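**Q** This is the structure I have questions about; it appears just below.
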C-alpha cells in the first residue's frame, strides 16, 4: 500500500517544479502543495493554481512528507546544507538537478533526519518560468532516480514518465553524452555559422534544427559544466575522435556503413 502524502513542498517553482506540482495533482494527489520561491514566482504560481500556499523553506520543510528541490544545481547544494534540521524524521527529499554526483554526495553528508533520493526528469522546454509549467511535461519521458523508492516511483509513473534507476556516477556519464554533448555541438555549430560570412543566407531546416539548443542561456549550463566536467570532457573527446574518423572516410566507401549504422541507431531512438 502506498504511503499517504498529505503535504508536498516544491522548492523552486519554475518550469520543472511547477510542472511537477501540476503533474502530481493530475495524478491524483489530494493533499496540500506548498511553494518555496521568490515572492514574484510564488505570486505567479498561486495565480496559475500551481500551488496552494507559499511560505519560507524552514516552515514548509517542517510539515512536508515530500520536499522537491527544483532549483539550479548550486542552489540545490546550498539548500541541502540548510534543510535537514527543519524536517521531521523520515521526510523524503528529492531533487530535479541535471547532474547527480555532487548533489548525492552533498546529501549523504548533510541529510540525517530526512531521506534523500536523487532525481532527474529528462524533460524541459526552451521557455522558462512557472507560467510555462504543464502537467504533461514528464509524460513519456525518462525520469531518473538514483535509488529505488516504491512510493516515489508510483507517483512518477502515474505522471506518465518512465522510471530509470541509475547511480549518480552512471547518470552523469550517460547524460554527458545524451544531453550535455548535444548542447555543446549546437553551440559550436551556431558559432561556426556565425563566423562564416554569407552562411546565414543559405541556412535551411537542418541548421535551424541543429542550432535550437544554442538558444539555451549559459546560466542554465554553468552549474552543469562545473559539476560534470570530467564526464563531459570524455564525451567531447570521444565525439571529436568520431568526427576525425568521418573526416578520414569522406573519400572512402566506409562512410556508407557509418551512415547505415547511424540511421539504424537514430531509428531505434525514435522508437523508444
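The values are calculated or read from the model by the stated rules, or taken from the named source; none is laboratory data. Model, not experiment: these values are computed from the prediction. In this analysis, Cβ positions are derived from the backbone assuming ideal geometry, glycine residues included, and neighbour counts consider all displayed protein chains.
**Q** Hey, can you tell me all the residues within the range 175-223 that are within 20 Å of residue 16 (Cα to Cα), free of Cβ contacts under 8 Å to residues at least 24 places away in the same chain and outside any helix (DSSP H, G or I)?
**A** Across the range 175-223, the qualifying residue is only 217.
**Q** A further question on this structure: Residues 54, 61, 44: which one is surrounded by 24 or more Cβ atoms within 10 Å (Cβ to Cβ), touching a helix residue (DSSP H, G or I) at 6+ places or on another chain (Cβ under 8 Å) and more than 20 Å from residue 123 (Cα to Cα)? Full working, then the answer.
**A** Values: 54 fails: surrounded by 24 or more Cβ atoms within 10 Å (Cβ to Cβ); 44 fails: surrounded by 24 or more Cβ atoms within 10 Å (Cβ to Cβ).
Only one candidate qualifies: 61.
**Q** Here's something else I'd like to know. Looking at the range 43-53 only, could you name the residues that are over 13 Å from residue 70 (Cβ atoms) and either in a strand (DSSP E or B) or within 21 Å of the chain's Cα centre (by Cα) (or both)? Spell out how you get there, then give the answer.
**A** Narrowing the range 43-53 to residues over 13 Å from residue 70 (Cβ atoms): 43-44, 46-49, 52-53.
The one that is over 13 Å from residue 70 (Cβ atoms) and either in a strand (DSSP E or B) or within 21 Å of the chain's Cα centre (by Cα) (or both): 53.
**Q** Being without any contact (Cβ under 8 Å) to a residue 12 or more places away in the chain and either in contact with a helix residue (DSSP H, G or I) (Cβ under 6 Å, 6 or more places away or on another chain) or assigned to a helix (DSSP H, G or I) (or both) is the filter here, so list the residues in the range 246-256 that pass it. Walk me through how you get there before you give the answer.
**A** Of all residues in the range 246-256, those without any contact (Cβ under 8 Å) to a residue 12 or more places away in the chain come to 247-256.
The answer is 247, 248, 249, 254, 255, 256.
**Q** Then there is this: Any chance the range 75-91 includes a residue that's closer than 19 Å to residue 219 by Cα, surrounded by fewer than 20 Cβ atoms within 10 Å (Cβ to Cβ) and assigned by TED's automatic domain parsing to the domain that holds residue 13? Let's see the steps before the verdict.
**A** To start, the set of residues in the range 75-91 that are closer than 19 Å to residue 219 by Cα comprises 75-79.
Adding the requirement that they be surrounded by fewer than 20 Cβ atoms within 10 Å (Cβ to Cβ) leaves 75, 78.
Pick out the ones that are also assigned by TED's automatic domain parsing to the domain that holds residue 13 and you get 75, 78.
Taking every residue of the range 75-91 in turn, at least one turns out to be closer than 19 Å to residue 219 by Cα, surrounded by fewer than 20 Cβ atoms within 10 Å (Cβ to Cβ) and assigned by TED's automatic domain parsing to the domain that holds residue 13.
**Q** Looking at 179, 186, which is the one that is at pLDDT 95 or above, over 30 Å from residue 29 (Cα atoms), surrounded by 13 or more Cβ atoms within 10 Å (Cβ to Cβ) and over 17 Å from the mean Cα position of the chain (by Cα)? Talk me through it step by step, then tell me what you get.
**A** Values: 179 fails: over 17 Å from the mean Cα position of the chain (by Cα).
None of the other options fit; the residue is 186.
**Q** Is it the case that the range 107-117 has a residue that's within 25 Å of residue 135 (Cβ to Cβ), modelled with pLDDT of 95 or more and surrounded by 15 or more Cβ atoms within 10 Å (Cβ to Cβ)? Show your work before the answer.
**A** To start, the set of residues in the range 107-117 that are within 25 Å of residue 135 (Cβ to Cβ) comprises 117.
From what is left, the residues that are modelled with pLDDT of 95 or more are 117.
Those still in the list that are surrounded by 15 or more Cβ atoms within 10 Å (Cβ to Cβ) too: 117.
Yes, some residue in the range 107-117 is within 25 Å of residue 135 (Cβ to Cβ), modelled with pLDDT of 95 or more and surrounded by 15 or more Cβ atoms within 10 Å (Cβ to Cβ).
**Q** Which condition from (1) in contact (Cβ under 8 Å) with a residue 24 or more places away in the chain; (2) surrounded by fewer than 22 Cβ atoms within 10 Å (Cβ to Cβ); (3) touching a helix residue (DSSP H, G or I) at 6+ places or on another chain (Cβ under 8 Å) is the one that residue 163 breaks?
**A** So the condition that residue 163 fails would be (1).
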